[in-house]
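**Student:** Attaching a single structure in structure tokens format; questions to follow.
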Amino acid sequence: MVVRGGDAKPVVVSRVLGSGEGVASVPKKLPLFRGRLFSILSGSDDLVVVHGSRFSGKTTLVRTWLMTDPIPAAVPVFVELPPGGITSDQYWGRVLSCVCACAGITVIPHGRNNFDTLSSALAAQNVPIVLMLDGLDAVESAEDRVGELLECGAQLRIIVTTRIGGRWHRCIRGRPDRTMISSDALSFTVEETEAFLRASAVPRSLRVVDRITRRTGGLPALIAAVCEALKAEGVQTSNEPERLDVLVDSTVDTLVLRTVATDPVLDPLFRATPVSPDVVPRWCRLPSPYRR
């Protein structure tokens, strides 16, 4: 099943996740209003693939869902985005370390490799585990490995975030117990943008909210950046469409440039590509280390 679209449900919660290797700390308070998507993550499907482009809020969705303490009967294990150049065996070794730390596993069965050891360790547990694997794009044969884990006999659910749909579509096709949350479901609706701005103490008229949503494509990270720009402008910010468009476009350009500058793959490509003159000044204004 592929899920598209979304609804708005404002909630604010306060909780700090435990930290450890591969387990990320998150802010104490975040505006949460993605009830329908949260219910999918909390459901009974053994595999949920959160698929979206850069800036679509995949990781934020999963982390903020965790802040609601949605699975009290299960052990949540969040494994962070793997670093570039990691081998498959190294990655599953990181996952094994996270599972052992979160589930309190002290006796680890030894397998032929880290993945086999992980499978055995999961199968030996008598408590449900929800394994969240962030950013599996660079892990070789990740789709096959996830499928094998779901068949290892463990009480296991897996949530994956990825920018590349590819073989994940084939993993869920024809499987009613598997779901993909698509890019358009991750995008904010006008109502969600309005709720986010209001919760961030920068309320705007519905006409302005609609313009921001359409100009950013509803991408949560871009809307969050625009929200910060509106805060910086303060009450002087005009609701005139032209001025608003300039603020939104400038904010988005800066965020994109910053992201490119810190990406080891995109940065060389950007530097080798001719850019328009108006982009160069914004690039030069970026603080170190973005101007590498």
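**Student:** Can you tell me which of (1) surrounded by fewer than 15 Cβ atoms within 10 Å (Cβ to Cβ); (2) not in a loop (DSSP other than H, G, I, E, B) is the one PHE78 doesn't meet?
**Tutor:** Unmet condition: (1).
**Student:** Select from the range 81-112 the residues that are touching a residue at least 12 places away in the same chain (Cβ under 8 Å), surrounded by 13 or more Cβ atoms within 10 Å (Cβ to Cβ) and assigned to a loop (DSSP other than H, G, I, E, B) and write down the one among them that is farthest from the chain's Cα centre (by Cα).
**Tutor:** In this case the residue turns out to be PRO109.
**Student:** Okay, moving on. Looking at ARG63, is it outside any loop (DSSP other than H, G, I, E, B), at pLDDT 95 or above and basic (Lys, Arg)?
**Tutor:** no
**Student:** Another question about this same structure. Select, from THR162, THR189, THR216, THR193, the only residue that is modelled with pLDDT of 90 or more and in contact with a Lys or Arg (Cβ under 8 Å, 6 or more places away or on another chain).
**Tutor:** After ruling out the rest, the residue left standing is THR162.
**Student:** If you take the residues of the range 215-231 that are closer than 19 Å to SER182 by Cβ and in contact with a helix residue (DSSP H, G or I) (Cβ under 9 Å, 6 or more places away or on another chain), which of them is surrounded by the fewest Cβ atoms within 10 Å (Cβ to Cβ)?
**Tutor:** ALA221
**Student:** Can you say whether PRO220 is of a type outside the set (Ser, Thr, Tyr), within 19 Å of PHE55 (Cα to Cα) and not assigned by TED's automatic domain parsing to the domain that holds GLY147, as far as the supplied structure shows?
**Tutor:** Here the answer is yes, as PRO220 does meet what is asked.
**Student:** What's the number of the only condition in (1) under 20 Å from ALA103 (Cα atoms); (2) touching a helix residue (DSSP H, G or I) at 6+ places or on another chain (Cβ under 6 Å); (3) without any contact (Cβ under 8 Å) to a residue 60 or more places away in the chain that LEU136 fails to meet?
**Tutor:** (1)
One line per residue, one yes/no per condition, for (1) of a type in the set (Lys, Arg); (2) at pLDDT below 95; (3) in contact with a Lys or Arg (Cβ under 8 Å, 6 or more places away or on another chain):
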position	(1), (2), (3)
ALA24	no, yes, yes
PHE33	no, yes, yes
ASP46	no, no, yes
ASP69	no, yes, yes
GLY85	no, yes, no
LEU96	no, no, no
LEU118	no, no, no
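**Student:** Out of curiosity, is ASP249 over 22 Å from LEU61 (Cα atoms), part of a helix (DSSP H, G or I), out of contact with any strand residue (DSSP E or B) (no Cβ under 9 Å at 6 or more places or on another chain) and at pLDDT 90 or above?
**Tutor:** Answer is yes for this residue.
The values are calculated or read from the model by the stated rules, or taken from the named source; none is laboratory data. In this text the structure is predicted, and so the values were computed from the model without any measurement. Backbone-built Cβ (ideal geometry, glycine too); neighbour counts: all protein chains shown.
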